[in-house]
Amino acid sequence: MGFSEKILKLTEKAERELAPVFADFDAVAYDNTARVLESYRRHRISETMFAGSTGYGYGDTGRDTMDAVYADVFGAQAAFVRHNFVNGTHAISTVLFGLLRPGDVMLAVTGRPYDTLSEVIGDKTKNGDGSLADFGVIYDEVALLPDGGVDFAGIEKKLRELGSRIKVVFIQRSKGYANRPTLSSEEIGRIAAFSKARCGAYVVVDNCYGEFCDRTEPTAHGADIIVGSLIKNPGGGIAQTGGYVAGTSRAVELVSYRLTTVGIGTECGATLGQTRDICKGFFFAPHIVAQAKKTAALAAYLFDALGYEVEPSWDACRHDIIQTVKFGNPDGLCAFCRGIQSGSPVDAFVTPEPWDMPGYEDKVIMAAGTFTQGASIELSADGPLRAPYTAYFQGGLTYESGRFAIMTAAEELLSQ
């Protein structure tokens, strides 16, 4: 594809200025890769572990070893990773139902969670479908401050009001469909320490999009549970489905009982040949995350230069792989998504259109020309059709392919 002189020169300028930023991304990836490699060596990863199991899955050493690796690398006491999770929302839901009981309070301290959790919480949906509200779990929240910071005074007020009834303090690391900064692992650690000093609740972190963006994960800083999807960061573009849960031994045990049944937990479950991809993907993940961060930083530079509001800025610290571009109108959002789709390796001929996507309150447009359906780590862009009409861009298995898609999207906008 031939790009205009304007986009070519702008991209060349961007890459010159981004060179030290990219070098920092590579340094983080190296440190995380070293930690993964050391864990693989320590746990003696071998070919025999990839055979998989059927039926009950008893004695599946590959499955059990990958659980230990995830716990090791993420600085947790225990973990489990399973292909049975259909998406990140399913994994988060399993955590919430595993830890909360009737009469308990779930307190979200980073504002309202991502749209797909609304029906899980149940405070805005009809009763009778099996939501947390149906089981007598109460939901409350503390909004973020206007600048996107955590409202510690508001959290303290809620903790005093609700006391021991609060059993889960819920933190969403990434922005979801909000316009706010992503939290670093260290910042989440401060929230965890603040909460634990005032109540005995489990601190649960939706870690989606954040894995391997920092040198440590929230579990290394006091979070009781982190949870995420394998078709995002930790699957490395290799795992085709699944999710993980990592944290303290007791919290992980309770969640595992919800995944299977009380008394069985993680001791049962056939892997059906998925262990090789899960293991290989986790090995690739630190490098792939760096590729996605580079792609996001280039997008920030280009679209800022073209006059659009972006977050984070191209030279900011990045604690997840998401880049937002605010267009202010639906035409700009849709044009951006069309450009990303046409610059993708799969279904490049498809034109994305807004639709009523399950679990969302507004129509959503989504560009996702991916080898694995819905794999955000590959290359995707989406956004709700509501003001301020913001595109949420993430992924890029290689920087080169991400660069191509970003330039294609820029040309699409210029041609409007």
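Can Ala405 be described as touching a helix residue (DSSP H, G or I) at 6+ places or on another chain (Cβ under 6 Å) and buried (at least 18 other Cβ atoms within 10 Å of the Cβ)? It is true that Ala405 is touching a helix residue (DSSP H, G or I) at 6+ places or on another chain (Cβ under 6 Å) and buried (at least 18 other Cβ atoms within 10 Å of the Cβ). In the stretch 200-216, the count of residues that are farther than 23 Å from Glu378 by Cβ, modelled with pLDDT of 95 or more, under 18 Å from the mean Cα position of the chain (by Cα) and among the charged types (D, E, K, R) is one or more. Checked against the criterion of being touching a residue at least 24 places away in the same chain (Cβ under 8 Å), outside the structural domain of Ser229 (by TED's automatic domain parsing), on the phi > 0 side of the Ramachandran plot and surrounded by fewer than 20 Cβ atoms within 10 Å (Cβ to Cβ), the candidates Gly395, Gly359 yield just one match: Gly359. Before we move on, is Phe327 of a type in the set (Phe, Trp, Tyr) and either in the same structural domain as Leu183 (by TED's automatic domain parsing) or surrounded by 14 or more Cβ atoms within 10 Å (Cβ to Cβ) (or both)? Criteria met by Phe327. Taken residue by residue, the stretch 312-323 has no member that is closer than 20 Å to Asp26 by Cα, of a type in the set (Ser, Thr, Tyr) and in a helix (DSSP H, G or I). Given Glu47, Glu119, which one is buried (at least 20 other Cβ atoms within 10 Å of the Cβ) and charged (D, E, K, R)? The unique qualifying residue is Glu119. Confirm whether Thr48 is assigned by TED's automatic domain parsing to the domain that holds Cys213, touching a residue at least 12 places away in the same chain (Cβ under 8 Å) and among the polar types (S, T, N, Q). No, not satisfied. The residues in the stretch 125-148 that are of a type in the set (Asp, Glu) and within 25 Å of the chain's Cα centre (by Cα) can be counted, and the count is 3. The residue that is surrounded by the most Cβ atoms within 10 Å (Cβ to Cβ), counting only those in the stretch 201-238 that are among the aromatic types (Phe, Trp, Tyr) and under 19 Å from Thr33 (Cα atoms), is Phe212. Scanning the stretch 146-166 for residues that are surrounded by fewer than 20 Cβ atoms within 10 Å (Cβ to Cβ) and either within 15 Å of Gly103 (Cα to Cα) or acidic (Asp, Glu) (or both) gives Asp147, Asp151, Glu156, Glu161, Leu162, Gly163, Ser164, Arg165. Of the residues in the stretch 55-78, not one is under 17 Å from the mean Cα position of the chain (by Cα), polar (S, T, N, Q) and at pLDDT 95 or above. Here the strands (runs of 3 or more DSSP E) wholly within the stretch 357-401 that include at least 2 residues being over 19 Å from Lys293 (Cβ atoms) are 364-367, 379-384. Among residues of the stretch 303-314 that are in the same structural domain as Leu10 (by TED's automatic domain parsing) and touching a residue at least 40 places away in the same chain (Cβ under 8 Å), those with a Cβ under 9 angstrom from a residue that is part of a loop (DSSP other than H, G, I, E, B) and among the basic types (Lys, Arg), sequence gap 6+ or separate chain, pair up as Glu311/Lys175; Glu311/Arg180; Pro312/Arg318. In the set Ser164, Ser118, Ser131, only one residue is assigned by TED's automatic domain parsing to the domain that holds Val203 and touching a residue at least 40 places away in the same chain (Cβ under 8 Å); that residue is Ser118.
When the residues of the stretch 288-313 are filtered to those that are surrounded by 20 or more Cβ atoms within 10 Å (Cβ to Cβ) and farther than 17 Å from Ala381 by Cβ, the one that is nearest to the chain's Cα centre (by Cα) is Val289. Just give me the residues in the stretch 71-95 being in a helix (DSSP H, G or I) and either within 10 Å of Gly228 (Cα to Cα) or not hydrophobic (A, V, I, L, M, F, W, C) (or both), in sequence order. Answer for the stretch 71-95, where residues must be in a helix (DSSP H, G or I) and either within 10 Å of Gly228 (Cα to Cα) or not hydrophobic (A, V, I, L, M, F, W, C) (or both): Asp72, Gly88, Thr89, His90, Ala91, Ile92, Ser93, Thr94.
In the set Tyr70, Tyr56, only one residue is crowded, with 19+ Cβ neighbours inside 10 Å and touching a residue at least 40 places away in the same chain (Cβ under 8 Å); that residue is Tyr70. Considering only residues in the stretch 365-376 that are crowded, with 21+ Cβ neighbours inside 10 Å and under 24 Å from Ser118 (Cα atoms), the one that is nearest to the chain's Cα centre (by Cα) turns out to be Ser376.
The values are calculated or read from the model by the stated rules, or taken from the named source; none is laboratory data. Please read these numbers as outputs of a predicted model, since none were measured by experiment. Note: ideal-geometry Cβ built from the backbone for every residue, glycine included; neighbour counts use all protein chains shown.
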